[in-house]
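To start, the structure itself, in structure tokens.
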């Protein structure tokens, strides 16, 4: 049953990044801001490549600075109808150039590209939303999450199901947990 649950988890993640209205499309991305503070934000789940989860960001964003200091992150996915919760933890690798970045950048809709070309970094104070200025240079970055741990929780009766999948020596170890 654990192998089937592991495959179902990966399939649900695949659906999350490829099906437009899937609840996993938007997920909660957590970084360590400093030694005592975790920072969370909602991000768009873009794709899975070679068992790595991809997200996009502006290279000047706070999350990039946090990742540079501590590249361990956690991403939380929740499906309200199925009552599934999946937490993926691992290390992030940042990509700002190369063939993959160029290909993904060229595939972004023109209206969305502006999000990565602001003159000032994300989070810069402004007095009016119409004051955002744009430039010609982009700061598009791929955040590639290499999972090392996946935790699955399904709320159901008569028994909830919780499992841990942990990557050790290139193999996924699987075990049930008390919910």
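The values are calculated or read from the model by the stated rules, or taken from the named source; none is laboratory data. Just so it is clear, the model here is predicted, and its values are computed rather than measured. Glycine also receives a Cβ, built like all others from the backbone with ideal geometry; neighbour counts cover every protein chain displayed.
Quick look at the numbers
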| read-out | value |
| --- | --- |
| Among the residues listed as 28, 57, the single one being at pLDDT 95 or above, part of a strand (DSSP E or B) and farther than 28 Å from residue 160 by Cα | 57 |
| Within segment 23-48, considering residues that are in contact (Cβ under 8 Å) with a residue 24 or more places away in the chain, more than 18 Å from residue 68 (Cβ to Cβ) and in contact with a helix residue (DSSP H, G or I) (Cβ under 8 Å, 6 or more places away or on another chain), the one surrounded by the fewest Cβ atoms within 10 Å (Cβ to Cβ) | 47 |
| Residue list for segment 144-179, filter: assigned to a loop (DSSP other than H, G, I, E, B), free of Cβ contacts under 8 Å to residues at least 40 places away in the same chain and closer than 28 Å to residue 81 by Cβ | 157, 158, 159, 160, 178, 179 |
| Residue check, residue 103 out of contact with any strand residue (DSSP E or B) (no Cβ under 8 Å at 6 or more places or on another chain) and modelled with pLDDT of 95 or more | yes |
| Failed criterion for residue 123 (all others in (1) at positive phi; (2) surrounded by 15 or more Cβ atoms within 10 Å (Cβ to Cβ) hold) | (2) |
| Residue match in segment 80-88 (condition: in a strand (DSSP E or B) and surrounded by fewer than 20 Cβ atoms within 10 Å (Cβ to Cβ)) | yes |
| Odd one out for residue 118, checked against (1) within 17 Å of residue 63 (Cα to Cα); (2) in contact with a strand residue (DSSP E or B) (Cβ under 8 Å, 6 or more places away or on another chain); (3) exposed (fewer than 15 other Cβ atoms within 10 Å of the Cβ) | (3) |
| Test: residue 151 is within 22 Å of the chain's Cα centre (by Cα) and within 19 Å of residue 7 (Cβ to Cβ) | yes |
| Residue under evaluation residue 15, criteria (1) at pLDDT 95 or above; (2) part of a helix (DSSP H, G or I); (3) in contact with a strand residue (DSSP E or B) (Cβ under 9 Å, 6 or more places away or on another chain), criterion not met | (3) |
| Per-region count, segment 60-77, residues farther than 14 Å from residue 139 by Cβ and either in a strand (DSSP E or B) or in contact with a strand residue (DSSP E or B) (Cβ under 6 Å, 6 or more places away or on another chain) (or both) | 10 |
| Answer residue from segment 156-171, given it is surrounded by 10 or more Cβ atoms within 10 Å (Cβ to Cβ) and modelled with pLDDT of 95 or more and is farthest from residue 73 (Cα to Cα) among those | 160 |
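One line per residue, one yes/no per condition, for (1) in contact with a strand residue (DSSP E or B) (Cβ under 7 Å, 6 or more places away or on another chain); (2) under 26 Å from residue 97 (Cβ atoms); (3) modelled with pLDDT of 95 or more:
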{"site": "130", "(1), (2), (3)": "no, no, no"}
{"site": "136", "(1), (2), (3)": "no, yes, no"}
{"site": "141", "(1), (2), (3)": "yes, yes, yes"}
{"site": "147", "(1), (2), (3)": "yes, yes, yes"}
{"site": "150", "(1), (2), (3)": "yes, no, yes"}
